[in-house]
Amino acid sequence: MLLVPLFHSKIRIKLLRFFLAEEIRFYSLFEISEKIREKTSSLRKELKNLQNLGFIKEKKMKTITKIKFDKKEKKGKRFLFQIKKYYQARNDFILYPELKALFLKSQLLLETVLSKRIQKIGQIQLLILTGFFTNLSYIQTDLLIVGRVNRKLLKNLIKKFEKEIGRSINYTVMSTQEFKYRHNLTDRFLFNILESKKIVVINRFGDL
């Protein structure tokens, strides 16, 4: 069965989740490594396996990098030319729609669990999931928490969640006073969150 090799390893599952959650475009090995927190040496093999299975495709591109040039030297290179590999999910893959739906349901379940756990470690006035959770890469945070919360417990909770989904989560904590102040000022950071697509888990402020 095709599903067996697809879910053969933890790194492969993390790669599947990454490509299914992110927008369909080409990503460099470095970008993928940074996102899912795995070494490039471990990723190369799994990317090749997914490529052989037909889930992703590879493209080679020439890149130009500026390098330091010593003015005292008469000879020297000012630019470095390299061939780098980039990877993209194939949305024409036979199981792409099914995998997309499966991982979406899995993410929704994890989001529900995370939200419930956050509520237990503080007095939350506002809890919003955005950024990664709503596929908005331009939002600077993925999780907005307003109220009183045990920051040490929150940090540990986020770390566990990051391991589950295989990527980092940016979160922002504000006091109620700070939130109201920035809201009244129409703070750009806050405005982008409130006016964009979001998942409101808790809202004790009424209309925002």
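The values are calculated or read from the model by the stated rules, or taken from the named source; none is laboratory data. Treat the numbers as computed from the prediction; the structure is a model and nothing was measured. Because the Cβ atoms are built from the backbone with ideal geometry, glycine has one as well, and the counts that use them run over all protein chains shown.
For region 161-168, state whether one or more residues are in a helix (DSSP H, G or I) and of a type in the set (Phe, Trp, Tyr).
yes
Residue-by-condition table, conditions (1) in a loop (DSSP other than H, G, I, E, B); (2) modelled with pLDDT of 90 or more; (3) assigned by TED's automatic domain parsing to the domain that holds ILE169:
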{"residue": "SER42", "(1), (2), (3)": "no, no, no"}
{"residue": "LEU50", "(1), (2), (3)": "no, yes, no"}
{"residue": "TYR87", "(1), (2), (3)": "no, yes, no"}
{"residue": "ILE118", "(1), (2), (3)": "no, yes, yes"}
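Per-residue answers, yes or no, for (1) surrounded by fewer than 13 Cβ atoms within 10 Å (Cβ to Cβ); (2) closer than 14 Å to TYR87 by Cα; (3) of a type outside the set (Phe, Trp, Tyr); (4) under 14 Å from the mean Cα position of the chain (by Cα):
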{"position": "PHE26", "(1), (2), (3), (4)": "no, yes, no, no"}
{"position": "LEU29", "(1), (2), (3), (4)": "no, yes, yes, no"}
{"position": "ILE32", "(1), (2), (3), (4)": "no, yes, yes, yes"}
{"position": "LEU43", "(1), (2), (3), (4)": "no, yes, yes, no"}
{"position": "GLN51", "(1), (2), (3), (4)": "no, yes, yes, no"}
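Pairs meeting the criteria (first residue in region 159-178 and within 16 Å of PHE189 (Cα to Cα) and of a type in the set (Gly, Ala, Ser), second residue in a strand (DSSP E or B) and modelled with pLDDT of 85 or more, beta carbons under 9 Å, at least 6 apart or on different chains) are SER175/VAL146; SER175/GLY147; SER175/ARG148. A Cβ distance below 8 Å, combined with a sequence gap of six or more or placement on separate chains, defines the contacts here; from region 130-153, residues that are closer than 20 Å to THR112 by Cβ reach residues that are surrounded by fewer than 12 Cβ atoms within 10 Å (Cβ to Cβ) and of a type in the set (Gly, Ala, Ser) in the pairs GLY131/SER137.
None of PHE132, PHE179 is assigned to a helix (DSSP H, G or I), of a type in the set (Phe, Trp, Tyr) and modelled with pLDDT under 95 except PHE132. Which residue is modelled with the lowest pLDDT, if the candidates are limited to region 154-168 and must be under 16 Å from SER115 (Cα atoms) and buried (at least 17 other Cβ atoms within 10 Å of the Cβ)? Checking each candidate, the answer is ILE165. Quick check on region 185-201: of everything there that is of a type in the set (S, T, N, Q) and within 20 Å of the chain's Cα centre (by Cα), which residue is farthest from THR141 (Cα to Cα)? Only one residue tops the list, namely SER196. Does LEU15 count as at pLDDT 90 or above, under 22 Å from LYS163 (Cβ atoms) and not assigned by TED's automatic domain parsing to the domain that holds LYS159? It is true that LEU15 is at pLDDT 90 or above, under 22 Å from LYS163 (Cβ atoms) and not assigned by TED's automatic domain parsing to the domain that holds LYS159. You will find that of LEU185, LEU109, LEU136, the residue that is loosely packed, with under 14 Cβ neighbours inside 10 Å and closer than 17 Å to PHE18 by Cα is LEU109 and no other.
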